[in-house]
């Protein structure tokens, strides 16, 4: 089966009609891309469009490295790590996705709560390890390609490497060695592209730098790809693009929480 990749065009229109026919119960969006490539920002936009990444209390919260939040579940991250381990590989060297899918232990999927993927809402899944393990999810019957779309996020390898070197959540896997981090960045980008080329799942490719430079156009194209046409919602989502804005929102949330705790202490509020 041949993969259809939808790239943003210079006119701001998709290269083919957006894949809206699949939207509905059990319809999934896989956000695929290397660590530190901008996948969290894309998930933030998809969240605004109603994509369900799981119960909020199950998701990793924002911090200085990702002020808008990670949109990742700890149990899913653990599951993907276990899939890699069960195939005899490591995070730094996961090997071929096809071979990993054959060698991974399918019982690992029972270690995570994947119930939200069965809800009526459009669900989303994001974890950089999916660059290596997505084929294993498909092989185990946990993801149906006919009911799934991929949003593939790409970013300059140099920019990803610089960001990864500053981020302890990734660089320790590569021994904090700049050369190893650079190789890892390139490998995970290659693995993501392998899935786009081989799984036959309709794909929309987001160039991170282009998203920052032309947020209105790229966000509108992303929205159409998943079947969202509310112009006001699209404008509001595009207005949130930008790390400074995300840091301000994170600071506001933290201030509100501190204020709430202070009020609780003064007035005895819960």
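Each reported figure results from applying straightforward, stated rules to the coordinates on display, with no laboratory input. Predicted model only: the values in this text are computed from it and were never measured. Heads up, the Cβs are rebuilt from the backbone with ideal geometry, glycines too, and the neighbour counts pull from every protein chain shown.
Numerical summary
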item: Nearest-0.05 FRET efficiency for residue 119 and residue 156, computed from C-beta distance (R0 41 Å); result: 0.70
item: Spin-label model distance (nm) - residue 93 vs residue 110, 7 Å beyond Cα toward Cβ; result: 3.1 nm
item: Rough spin-label spacing in nm, given labels placed 7 Å along Cα→Cβ, for residue 198 and residue 183; result: 2.1 nm
item: Least to most buried among 172, 214 (fewest other Cβ within 10 Å first); result: 172, 214
item: Gained length - residue 102 relative to residue 232, 0.36 nm times residue gap less alpha-carbon distance; result: 42.3 nm
item: Cα gyration tensor shape for region 91-130, rounded if a/c is under 1.5, else prolate or oblate; result: prolate
item: Cα-based shape type of region 138-219, given that a ≥ b ≥ c are square roots of the gyration tensor eigenvalues and the cut on a/c is 1.5; result: oblate
item: Which of 53, 27 has the fewest Cβ neighbours within 10 Å, and the rest in rising order; result: 27, 53
item: Packing-based exposure ordering (other Cβ within 10 Å, fewest first) of 209, 221; result: 209, 221
item: Cα gyration tensor, region 93-202 - rounded (a/c under 1.5), prolate or oblate; result: prolate
